[in-house]
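Here is the structure we will look at.
The values are calculated or read from the model by the stated rules, or taken from the named source; none is laboratory data. All values reported here derive from a predicted model rather than from experimental measurement. Positions of Cβ are generated from backbone atoms using ideal geometry, with glycine treated the same way; all protein chains shown enter the neighbour counts. Areas reflect the complete protein model, heavy atoms only, side chains present, ligands, DNA and RNA absent. Shrake-Rupley method; radii C 1.70, N 1.55, O 1.52, S 1.80 Å.
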Amino acid sequence: MITRRSMLAGLASAIAVAGCTRAQSVEREWLIYTTLLKVRATAADQATANTCCQRVFDTIQTQGPDLYGFGDGELSRANTALSQGQSVELSDRLYDLLRRADVWRVASGGRFDPAVGGMVAAWGFDDLTRPQTGGVPDQAAIDRMIAATTTGYTFGGSRDLQSFDPAVRLDIGAIVKGALLAEAIAAVADNAVERLVVDLGGDVAVQSMAADDAFRVAVANPSGGPPSALLTMRSGEYVMTSGGYARYREIDGERYQHIIDPRSGWPVPPAAATVIGDDPVHADAAATALVVGGPKEFSAVCDAMGVDKALLIDNLGTHLTTASMRERLI
Ligand code: ADP
Ligand code: MG
């Protein structure tokens, strides 16, 4: 995930594949904090393809910070106000995103929960680059956070958010990449791009002017190894992966990964879930809910979240797939 606003490295590569009359493909990469953004655009000319790549990057870089529950962006400021018992008026963008997140919180039976921020901080997952000293949070602190997730805040009349509990802390890190991919694709919709692939840290959007175009996309392996699977994707689809392998803390020799079951307040066993869908925020939320549910709840969570193309890989490497996802595996 992207966890800070600053971009550490700029353009890493720009490859133009030239041809006389053929379409031109431009491929560019940026490192945005710890997340690699790769964009490949094909257009009638190189300038158009390049502008498209740049616009994707600009959108993601400028729109990201307001969605983090820390730093000085909009959600972080809202968290500060909520912790002081004030109600906050949000931008349409953040309000709509939180509203949608709340729908999926309910649908997932609380497995995906945007009010998980207090737990994330209690476990020290909010900034894994900081040296971690604390141990496992005590049960009273965990119970306190469970209460804050379930009853902590409500949506007001216009675009208001009101907290009943100063411990409430919102964290939509689980769906930020989905939201940013959607915004990046919208930002280039008027660009005459024939084919576009945006890979934001392993979450991928594909677009093509040819309706029957098929894309081969490798599923990110959250443990950093070779891709977990190879998929066929169609224009307009997104593939979102949530994984508990790559980001974790070790406490007393025990590894705790960064996805928490909001119902228990404890990190769940490592697993990785991949969802294909037309709505990247929905697919992103569903992937997190699937990791929380684990193998036993795979079918139930797919049904509850309304996803038909899903893959779950547990910590033993066992693959669970829906029938529609099996059709996409290469
Ligand atoms: P990844 O970052 O591996 O793609 P996710 O997309 O699931 O995984 O995002 C995980 C992040 O979401 C965590 O770092 C934390 O900020 C937040 N989070 C953790 N547990 C939950 C949960 N049960 N529901 C919603 N958000 C969560
Ligand atoms: Mg996610």
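Note on the chain: dipole from Cβ charges, positive end direction compared against Ala323, Ala285, Val176; the farthest Cα belongs to Ala323.
What is the chain by shape, rounded, prolate or oblate, if you read a ≥ b ≥ c off the alpha carbon gyration tensor as root eigenvalues and call it rounded for a/c under 1.5, prolate for a/b larger than b/c, and oblate otherwise? In terms of gyration-tensor shape, prolate. Computed from the C-beta positions of Arg263 and Ala81, the FRET efficiency with R₀ = 45 Å rounds to 0.95.
Pick out, in residue order, every one of the trypsin sites (Lys or Arg not before Pro) in the stretch 242-319 that is DSSP loop and has at most 16 other C-beta atoms within 10 Å; say none if there are none. Qualifying residues, ordered by number: Arg247, Arg263. Once both labels are positioned 7 Å from their Cα atoms along Cα-to-Cβ, the gap between Asp213 and Asp303 label points is 3.8 nm. Net charge in the neighbourhood of Gly118 (other residues with Cβ under 12 Å of its Cβ; Lys, Arg +1, Asp, Glu -1) is -3.
Label positions at Glu89 and Thr129, each projected 7 Å from the Cα along the C-beta direction, are separated by 3.4 nm. Only helical runs count toward this figure. For the chain, summing -39,500 (n - 2.57) over DSSP H runs of n ≥ 4 and dividing by all residues gives -9500 deg cm²/dmol at 222 nm. About its Cα centre, the dipole of the stretch 181-240 is roughly 200 debye, where the only charges are +1 on Lys and Arg Cβ and -1 on Asp and Glu Cβ.
Coupling constants for the stretch 108-119 follow from the phi torsions by the Karplus curve (6.51 cos²θ - 1.76 cosθ + 1.60, θ = phi - 60°), and in residue order they are 7, x, x, 6, 9, 8, x, 9, 7, x, x, 5 Hz; glycine and proline get x. Under a 5 Å amide H cut-off, with hydrogens placed 1.01 Å from N, Tyr153 pairs with Phe164 among residues at least 5 apart or on other chains.
3J(HN,Hα) along the stretch 66-74, derived from phi through the Karplus expression 6.51 cos²θ - 1.76 cosθ + 1.60 where θ = phi - 60°, amounts to 5, 9, 8, x, 9, x, 10, x, 4 Hz, with x in place of Gly and Pro. With all protein chains in place and a 1.4 Å probe, the accessible surface of the chain carries 51 percent carbon and sulfur. In the stretch 56-101, a dipole from Cβ-located charges (positive for Lys and Arg, negative for Asp and Glu) runs towards its positive end, and of Val88, Gly64, Ala101 it is Ala101 whose Cα lies farthest in that direction. Seen from Tyr256, the other residues with C-beta closer than 9 Å to its C-beta sum to a net charge of 0, counting Lys and Arg as +1 and Asp and Glu as -1.
Rounded to the nearest 20, the size of the Cβ-charge dipole of the chain about its Cα centre is 440 debye, with Lys and Arg at +1 and Asp and Glu at -1.
For the pair Asp138 and Asp102, label points projected 7 Å from Cα toward Cβ lie 3.4 nm apart. The residues of the chain present an accessible area of 43 Å² per residue when probed at 1.4 Å with all protein chains retained. For the stretch 32-176, a simple Cβ point-charge model (Lys and Arg +1, Asp and Glu -1, everything else neutral) yields a dipole of about 340 debye relative to the Cα centre. Summary of the geometry: the stretch 182-200 and the stretch 262-316, compared by the centres of their Cα atoms, lie 26 Å apart.
I need the calculated FRET efficiency for the pair Asn191 and Leu31, taking r as the beta carbon distance and R₀ as 22 Å, to the nearest 0.05. Once the sixth-power term is evaluated, E becomes 0.40. On a per residue basis, the convex hull of the C-alpha atoms belonging to the stretch 113-174 measures out at 92 Å³.
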